[in-house]
Every structure is written in C-alpha cells, then in structure tokens.
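Written out below as structure tokens is the structure these notes cover.
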Amino acid sequence: MSKAAIIAFVMSLIACGTATLLCANDSDSPNATSTGISASRTQMRWPTDRVLPVFARPASQIDAIEIQSLTRDERIAFSALQGRINSTQPRLLLLDARAEEGRDTWVETPTNNLGERILFVREDRFELVAKYADEISGLVLYETDVSDHYRNLACTVAGLHNALPVTSEIQQELLKHGIELDVLVDLTKLRFQTPLEIYRHLHTTYWPRCTKRLIVSANPRSRGGDLHHTRDIAAATGAAVVWLDNRNPDERTLMRMFFSDMDAGNAIVLGWYTTERSGITTASEFGIGTLPADHFSNGSVYAGTNSPIQIPPVPPKPLLENKAYIALFVSDGDNIQYAQHAMRRIWDAYESMRGRVPINWTIAPGLADVAPGIMNYYYTTATDKECFVSGPSGMGYAIPFNTLKEPGAPVGTAMAGGNKMAGYTQLTQTYLERSGLRVITIWDDATADQRDAYERFCPSLYGATVQNFQDVPSVTSSDVNGRVHFDKLVIPYAGSFSHAYRSVVDQIERWDGASPLFLSYQANIWQELKPDRIVQLQHAITAKYPDKVKFVRADHYFNLFNEANGLPWNLSMSTKTQVNANCNEKNLSHVTDGSTSTVWNATRDQNATLLFDFGEQYAVSRLHIQTPRPSIEGDDSAHEEFTMTIECSIDGNDWTPLKTFDSTMNSVVRISPARAFQFLRMSLIDQNATISEIEVFGSRVP
C-alpha cells in the first residue's frame with residue numbers, strides 16, 4: 001500500500017470517528033449521499049428563510065492550501081472537494097497568497113473564530129485529497145479541448161453526485177497517489193462546442209435535479225478568479241454552474257429558462273456576468289438578486305462561523321434644526337468580494353480617519369448568511385459616526401428600473417411588479433432585520449408601484465436613495481404612503497473631491513434657508529473619495545458654511561427628513577425621549593438603542609411596566625415591538641410567548657387602552673387613525689418576556 005493510501009485509510013478512520021461525534025442526527029442537506037459521511041450525520045442545513053445554507057462550525061483544526069499551488073483545473077477539483085467535505089463540517093480552506101487584504105487576515109480575525117491551520121504545499125496536494133477521499137463517491141471526467149465551459153458542466157454534475165470534477169491528467173495524478181475513485185460520469189464523450197449547446201444540455205439533463213434556490217454564474221476561462229470562487233457553495237448545495245452572455249439573445253433566452261424555474265423571494269445568484277447590466281437586469285426580471293462573488297472565496301468556511309450578527313447600537317438623533325443635512329454614502333457594498341478584499345484593506349488603512357465624520361457604508365445583507373464573521377468585523381469595529389446601509393437594491397444586487405441603455409439591458413422596468421417585486425422586497429425585509437440595516441440604496445430607480453412594494457413589504461425601512469445617472473429627468477424623490485422617503489441622489493457616483501465640493505456649494509448657494517435642506521451623495525470608493533478625502537470634504541464644507549451644514553448618518557438623515565416634513569419618525573431615537581420601568585433599570589436602554597442584538601428581560605414575578613415620555617405630544621401611528629430572532633446558527637427554539645397591554649396618556653395620569661401586543665404576532669402595531677399623546681405605557685402581568693427593541697413612530701401634532 002502506498003504512503004498516500006495509508007494516510008487516506010488512517011485519516012478516514014479519524015474522520016469517521018470525528019464525524020460521528022460532531023455530525024450525528026442532522027439530515028437537512030439537499031444532496032447528502034449514502035457514501036462517505038452519511039446523510040444522517042450531515043451538518044449543513046438550509047432553512048426556508050435563508051437564501052444560503054447554514055454550515056456547521058468549522059473544525060478546531062483546518063487544512064489549508066494556497067490556490068497558487070494548484071493548476072487551473074486543480075482549482076476546479078479542490079473547490080469541489082472543499083464544498084463536499086465542508087458541507088459536513090468546514091475543514092478545508094483555499095488560501096490566496098495574493099489577496100489584497102493579506103492571505104491570513106480573515107482567518108486570523110477573531111470574529112471568524114477559526115482555529116489552527118495545517119498548510120499543505122504543492123508537493124503534498126494529493127495527500128490532501130487522499131485524506132478526504134473516503135467522503136467522495138467518485139469522479140466526473142471532463143476535458144477542455146473543445147470548450148472551457150465543460151468545467152461548469154462538470155462542476156454541476158459533480159455536485160449532484162458527491163464527486164470531484166477532474167480532467168484525465170488529474171485522474172492519473174490521483175491514481176499515482178493511490179487514490180482510486182470510480183468515474184461516475186464521463187463528459188469527455190460529449191462534443192458540444194458552443195456555450196449554448198453545453199448549457200442546453202445541462203438544462204435538459206441535470207437542471208431538474210439541481211437546487212432552484214441558488215445558481216452560480218462563473219467564468220470557466222478566467223485566470224484571476226471564478227475557477228474556485230463560490231464553486232464550493234455550488235458543490236455543497238447541488239447548484240448549477242453556468243456562464244451565459246446575456247447580451248446574446250439566444251443565450252439570454254436560455255438564462256431566462258433557468259431563472260423562470262426559480263422563485264422570487266427564495267432564490268439568489270452567486271457570481272458575476274459577462275457584463276454587469278445585462279446580467280443584473282436579466283436576473284431582476286424574475287425578482288432575483290445577485291451577490292457579486294466572482295472573487296469571493298471560502299464561503300463554505302465563513303458561512304459556518306455562525307456568530308449572531310452583532311448589530312451596532314444607534315446613537316440618539318440630533319435635534320432638528322434649520323440646516324442643510326448631508327448624507328454621504330460609500331459605493332459597492334453589495335459586492336461581497338469587495339467586503340472580503342478591498343473594503344477590508346480600506347477599512348483598516350483609514351482606521352484613524354474613520355469616526356471623525358459621519359460616513360454611510362453600503363454593505364451586502366447577504367453577508368449575514370455567507371460570512372457573518374466578516375459582517376461582524378465591520379459592525380464591531382465601526383464608530384458611532386459610521387452607519388451601514390444596504391447596497392443596491394436590497395437582498396442581492398438588483399435593478400428594478402434601468403436608466404442606462406447597454407447591450408442586453410434596455411432602459412425601463414427590469415423587475416416586473418406583482419409576485420416578482422413582492423418576493424424580492426419580502427426577502428429584502430427578512431435580511432434587513434437579520435443584518436440590522438434600515439436604509440437601501442436603489443439602482444437605478446423604482447417606479448411608483450415598485451416603491452409601493454418597498455413600503456408595503458419592508459416595514460423596518462427608514463428610507464431609500466435612488467440613482468440619478470446622467471441626470472435622467474424621470475428619477476425623482478417621493479414620499480410613499482406617508483412613511484418611506486425615496487431620495488434622489490444629487491450625485492450618484494462622485495469620483496473626486498472637487499466634483500462633490502462644487503455640487504454641495506452649488507446646492508447650498510441656491511437654498512433659500514426657509515426650511516431644512518436634505519442632500520444625499522454617493523462616493524465612488526474606487527476613485528479619490530476614500531475616508532481621508534471624505535473627512536477633508538466634510539471639514540471644507542462645514543468651514544465654508546459654519547452652523548449651516550450638518551453631515552449625518554443615513555438613519556438620522558431619513559428620520560430628520562420625516563420630522564421636517566410632517567411624516568412619522570422614530571421617536572425612540574429622540575434625545576427628548578425618556579424610558580423608565582418599575583424593575584430591572586440596569587439594561588433598560590436596550591429597548592431603544594437601535595440594536596436588536598441587545599435585549600431587555602422581564603420576569604414573571606416583576607409585573608414589569610415600561611413608561612415612555614416623549615417630551616411633548618405626537619400623533620403616533622405605529623409601533624415596532626421586536627423580540628429576538630432565532631440565532632444565526634439555525635436554532636429555531638422560540639422564546640416564551642407573552643402578551644403586553646399598551647396604554648397612552650396625554651398627561652401621564654389618565655390612561656387610555658390603546659392596543660394589546662401578542663409576541664406571536666407581526667412586530668408592527670398599527671394605530672389608525674393616529675393617536676395624539678405624550679406618554680406610552682406597556683405592561684406585563686405575571687409573564688416572562690424578552691424584548692430586543694421598541695420603536696414608536698409619530699409626527700408632530702398640527
């Protein structure tokens with residue numbers, strides 16, 4: 001027996017023993033098999049309210065190999081190996097020695113809580129395969145002499161068969177190292193030449209067995225990425241891997257055939273496209289968002305870090321004054337590979353600058369699934385002047401209405417109304433709650449019906465910005481149903497200090513000063529406006545207009561706008577609001593700190609009462625009473641149910657019953673017509689309760 005075979009045999013015994021201890025009695029994997037790690041012990045779960053699976057916590061000791069140690073087709077094979085074994089428990093990392101944030105930066109970040117690593121070098125790469133060979137059912141054989149797209153076909157087929165996609169050359173290397181795996185599917189006999197022919201074959205033959213909750217769009221001929229990025233997720237879930245050019249009418253038609261089988265609100269695309277707009281608008285037609293991920297790596301590891309999202313507290317909103325309020329957004333946060341690479345580099349490099357002035361960072365809500373530890377790094381190291389908002393246009397990059405005509409992307413409505421828009425916005429609400437985001441940046445625009453869907457299905461939404469590419473006249477601001485403001489960006493993609501500065505000065509010079517002015521801008525993070533220049537910009541503007549201008553967080557911006565325009569705003573955010581209780585005073589601030597990560601507990605023997613004093617009367621129209629969500633680890637255990645009586649008072653002495661809140665109901669308590677009062681009392685009698693946040697929305701009494 002060869003050295004590699006002996007290692008494989010010994011490690012198989014260890015692996016099986018470990019799997020028995022860690023993975024017993026858990027069988028929700030969409031494509032668990034009877035070979036290797038059995039279905040009864042698989043750890044990956046895919047709850048219905050998540051667009052990506054829950055992976056197990058990574059093993060305390062993880063094997064790693066640099067992708068630079070692998071050939072292009074070896075990267076295909078190793079990413080499939082990674083996805084298959086990590087679906088049981090994350091144990092394999094593919095490291096990038098050229099990652100701009102540093103090869104080991106995320107591995108060593110405490111919020112990921114990864115343990116010891118064993119690094120395999122190129123000479124030992126097949127020993128790494130041997131170590132896990134017992135968990136693989138066989139091989140899918142392919143060649144690229146006719147077309148590179150056979151890589152994607154092989155990845156798809158391998159994911160359905162718990163197999164490794166390999167070329168004949170790699171198969172021979174496996175045999176040399178004592179790894180004998182049967183060829184389950186031989187694709188080398190196919191002679192399809194064009195992408196259209198290959199993916200039609202995939203659609204006809206294999207797509208019926210693929211998950212319809214996820215599709216991976218990956219370039220099979222890329223040298224910089226795509227050959228291992230996101231393919232581990234595809235292997236773990238049984239997702240199809242495709243690469244169709246949506247500028248080509250025939251290929252776009254085939255892409256639509258894939259998307260038509262996927263349900264809006266229950267599906268996502270991982271990867272990227274031949275061109276941005278042709279791909280995003282095609283997916284948007286079906287209410288499906290895209291997580292740009294063609295350079296995002298090790299999702300099957302980072303998705304298993306499984307820390308509950310540590311939503312940062314929100315500081316009190318400043319008092320409304322007759323000033324020009326400016327919110328400055330940083331672009332490209334929808335891109336999860338940007339969050340993994342460039343954003344980390346920028347975030348750390350400008351640590352001394354961050355926190356000096358308000359900056360609103362776009363971020364992908366989907367990080368709550370695919371990399372909670374990455375999201376938590378930003379959340380736990382942010383200052384109270386930094387606010388996170390959703391990248392375009394919610395859960396996954398989507399373009400509801402396209403304003404820029406490009407090949408394969410006509411101008412006009414991209415996301416149809418009805419079920420498509422409803423599904424997308426409902427999914428967006430789930431991830432706004434999960435990630436604690438309250439503002440969305442929408443690319444490019446949203447029709448009246450689309451804006452209505454955001455207002456209707458996203459009750460936690462404070463507001464949204466809409467793009468203004470090329471000063472398109474049809475892009476306008478609007479207030480929807482007296483609640484959500486859609487703000488037209490003054491500049492949608494400011495690339496330089498001078499560009500932004502001149503625009504702000506021009507807007508302020510034209511301001512009549514009769515009422516507050518609200519201006520929103522988006523900075524292009526890829527150009528000059530890094531945090532240092534943003535700080536200089538804000539200092540220059542406030543120096544030119546002392547006491548007339550205030551840069552603010554996005555959540556404050558939209559609440560200040562609503563207050564200034566007679567719309568309901570979050571009174572719990574006001575510095576005037578006082579909250580008292582007859583018990584447990586220590587943690588009382590948790591109910592109004594803007595974070596659902598902190599909780600307030602009341603016990604049965606306390607008969608607890610919460611008393612809100614808003615400092616003056618407001619016409620209150622709704623309340624948001626939130627209880628903790630199930631943990632990100634997939635724990636579905638429910639908190640004890642409770643019922644709370646809600647009363648209101650004008651003077652704090654005479655109380656009028658208002659509503660009864662049942663913790664099993666939707667968190668939104670509507671008051672129609674709006675009721676004017678200054679005091680609010682919430683009472684719990686002989687009950688235990690856990691409350692993560694209470695928000696009260698009201699407007700000034702005329």
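The values are calculated or read from the model by the stated rules, or taken from the named source; none is laboratory data. Predicted model only: the values in this text are computed from it and were never measured. Neighbour counts are summed over all protein chains in view; Cβ atoms, including those assigned to glycine, are modelled from backbone coordinates with ideal geometry. In case anyone asks, the SASA skips ligands and DNA or RNA and just uses the protein heavy atoms, side chains included. Shrake-Rupley method; radii C 1.70, N 1.55, O 1.52, S 1.80 Å.
A few points about this structure:
- Label point at E276 placed 7 Å out along Cα→Cβ; residues across the stretch 447-489 whose backbone nitrogen lies under 15 Å: 467-470
- Average accessible surface area per residue within the chain, 1.4 Å rolling probe, Å²: 36
- Accessible carbon and sulfur surface of the chain relative to its total accessible area, %, 1.4 Å: 48
- In degrees, nearest ten, helix 448-457 long axis to first principal axis of the chain (Cα): 90
- Cross-link partners of K576 among aspartates and glutamates (Cα-Cα below 13 Å; sequence separation of 8 or more within a chain): D613, E616
- Counting only residues at least eight positions apart within a chain, or on another chain, the lysines with an alpha carbon under 19 Å from that of K212 are K420.
- Approximate spin-label separation A676-V146, in nm, with each point projected 7 Å along Cα-to-Cβ: 7.8
- Crossing angle, helix 497-510 versus the chain [Cα axis fit, 0-90 degrees, rounded to tens]: 30
- Seen from all directions on average, the stretch 76-197 presents a Cα convex hull projection of 9.1 nm².
- Listed values (i) 30.7; (ii) 39.6; (iii) 32.2, entry calculated as mean projected area of the Cα convex hull in nm²: (i)
- Computed FRET value (nearest 0.05) for K189 with T71, which takes r as the C-beta separation and R₀ as 22 Å: 0.40
- Paramagnetic label zone (point 7 Å from Cα along Cα-to-C-beta, K548; backbone N under 15 Å) in the stretch 320-358: 322-326
- Under 5 Å between amide hydrogens, built in the peptide plane, is the criterion, and for M44 it picks out A56 among residues at least 5 positions away or on other chains.
- Inter-label distance for R510 and A540, nm, one decimal - labels placed 7 Å from Cα along Cα-to-Cβ: 2.0
- For R700 and K488, the FRET efficiency from 1/(1 + (r/R0)^6), where r spans their Cβ atoms and R0 equals 25 Å, is about 0.50.
- Highest mean packing first, where packing is the average number of other Cβ atoms within 10 Å per residue, the peptides 309-319, 425-435 line up as 425-435, 309-319.
- Centre separation in Å (Cα based) which lies between the stretch 358-414 and the stretch 417-446: 10
- With 0.36 nm allotted per residue and the present C-alpha distance subtracted, the H201-Y501 stretch has 102.6 nm of extension available.
- Site pair K405 and F469 shows an inter-label distance of 1.3 nm when each label is modelled 7 Å from Cα along Cα→Cβ.
- Close amide H partners of S595, meaning residues 5 or more places away or on another chain with modelled amide H under 5 Å apart, are V314.
- Between the helical axis of 372-381 and the longest alpha-carbon principal axis of the chain there is an angle of about 40 degrees.
- Put simply, when 469-482, 362-375, 156-169, 379-392 are sorted by average Cβ atoms within 10 angstrom per residue, most first, you get 362-375, 156-169, 379-392, 469-482.
- The residue among L254, G287, S300 whose Cα reaches farthest toward the positive pole of the charge dipole of the stretch 252-306, with charges on the beta-carbon of Lys, Arg, Asp and Glu, is L254.
- Database remark: amide H of Y397 closer than 5 angstrom to the amide H of T290, L291 (H placed geometrically; neighbours at sequence offset of 5 or more, or on other chains; Pro and chain starts carry no H).
- Under 25 Å of direct C-alpha separation, and excluding same-chain neighbours fewer than eight residues apart, K530 reaches these lysines: K385, K488, K544, K548, K550.
- If you plug the beta carbon distance of N607 and K659 into 1/(1 + (r/R0)^6) with R0 = 22 Å, you get a FRET efficiency near 0.70.
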